[in-house]
Amino acid sequence: MRPDAAPQISTGYSRLQIALHWVTVGLILWQFVANEAMGQAWRAFRQGTELPLSALVAAHVFAGLALLAIAFWRMILRVTRNAPPAPAGQTAALRAAAAAVHGALYILTVAVAVSGAVAWFGGIATAAEAHEFLKTLLLVLIGLHVAAALWHQFWLRDGLMERMRRPQA
């Protein structure tokens, strides 16, 4: 895209945007599967004992780094390709809330990944504490995001979720 060109307005998400969304969902779910092993490894590190490295710990670290890269990739796509317009009839307040939640999801995904990497690779306890706090905020926002999607699907019946299932033609 030329620097002076405006982002194109799309009517739906691309196949790549949809794929990256669902890969993000899967990786975040995975992070919670590997969470306890990572916590044990962190506690061992903090106590100065031998780290119980395992496939789960390595997978948690690599998945976190992958989430960081994917989050930046998704933000670039969001800027260059834009997002589909809000469903017809949606109020300005709902559009603003959706934009704020989506922006916060991107920011928190990056912040959780960065704080985890700084904690793990730098051995910084403050970063680990921030990681835990930010993880909780991210979970709250994910819950809000899922609840809003279900509200659109089953209450408003406005077809919003279809945009994340089928790519724009």
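The values are calculated or read from the model by the stated rules, or taken from the named source; none is laboratory data. None of the values given here were measured: they were computed from a predicted structure. Using ideal geometry, Cβ is built from the backbone for each residue, glycine included, and neighbour counts are taken over all protein chains shown.
Does Leu68 count as at pLDDT 95 or above and touching a Leu at 6+ places or on another chain (Cβ under 7 Å)?
Details: at pLDDT 95 or above: yes; touching a Leu at 6+ places or on another chain (Cβ under 7 Å): no.
Here the answer is no, as Leu68 does not meet what is asked.
Say whether the condition of being in contact (Cβ under 8 Å) with a residue 60 or more places away in the chain, surrounded by 13 or more Cβ atoms within 10 Å (Cβ to Cβ) and polar (S, T, N, Q) is met by at least one residue in the stretch 145-156.
Step one: filter the stretch 145-156 for residues in contact (Cβ under 8 Å) with a residue 60 or more places away in the chain, giving 152, 156.
This time we only want the ones that are surrounded by 13 or more Cβ atoms within 10 Å (Cβ to Cβ), so: 152, 156.
Going one step further and asking which of them are polar (S, T, N, Q), we end up with none.
No, that holds for no residue.
Which residues, taken from the stretch 116-131, are under 17 Å from Leu27 (Cα atoms) and without any contact (Cβ under 8 Å) to a residue 24 or more places away in the chain? Working first, answer last.
Step one: list which residues in the stretch 116-131 are under 17 Å from Leu27 (Cα atoms), which gives 116-117, 131.
Across the stretch 116-131, the qualifying residue is only His131.
Quick check: anything in the stretch 90-105 farther than 30 Å from Gln153 by Cα and outside any helix (DSSP H, G or I)?
Taking the stretch 90-105 first, the residues farther than 30 Å from Gln153 by Cα are none.
No - not one qualifying residue is present in the stretch 90-105.
Return the only residue of Leu141, Leu134 being farther than 29 Å from Arg15 by Cα, free of Cβ contacts under 8 Å to residues at least 60 places away in the same chain and crowded, with 16+ Cβ neighbours inside 10 Å.
Numbers: Leu141 fails: farther than 29 Å from Arg15 by Cα.
Of Leu141, Leu134, the one residue that is farther than 29 Å from Arg15 by Cα, free of Cβ contacts under 8 Å to residues at least 60 places away in the same chain and crowded, with 16+ Cβ neighbours inside 10 Å is Leu134.
Does Leu94 qualify as being surrounded by 14 or more Cβ atoms within 10 Å (Cβ to Cβ) and at pLDDT below 95?
Numbers: surrounded by 14 or more Cβ atoms within 10 Å (Cβ to Cβ): yes; at pLDDT below 95: yes.
Answer is yes for this residue.
Taking the criterion of being surrounded by fewer than 17 Cβ atoms within 10 Å (Cβ to Cβ), farther than 25 Å from Ala148 by Cβ and of a type in the set (A, V, I, L, M), would at least one residue in the stretch 66-84 satisfy it?
Yes, there is a match, as at least one residue in the stretch 66-84 is surrounded by fewer than 17 Cβ atoms within 10 Å (Cβ to Cβ), farther than 25 Å from Ala148 by Cβ and of a type in the set (A, V, I, L, M).
Considering each of Val61, Val33 in turn, give the residue that is exposed (fewer than 14 other Cβ atoms within 10 Å of the Cβ) and aliphatic (A, V, I, L, M).
Values: Val61 fails: exposed (fewer than 14 other Cβ atoms within 10 Å of the Cβ).
Exactly one residue qualifies, and that residue is Val33.
Across the stretch 106-164, what is the total count of residues that are in a loop (DSSP other than H, G, I, E, B) and farther than 29 Å from Asn82 by Cβ? Break it down stepwise before answering.
Step one: list which residues in the stretch 106-164 are in a loop (DSSP other than H, G, I, E, B), which gives 123-124, 157-159.
Narrowing the set further to residues that are farther than 29 Å from Asn82 by Cβ leaves 123-124.
Matching residues across the stretch 106-164 total 2.
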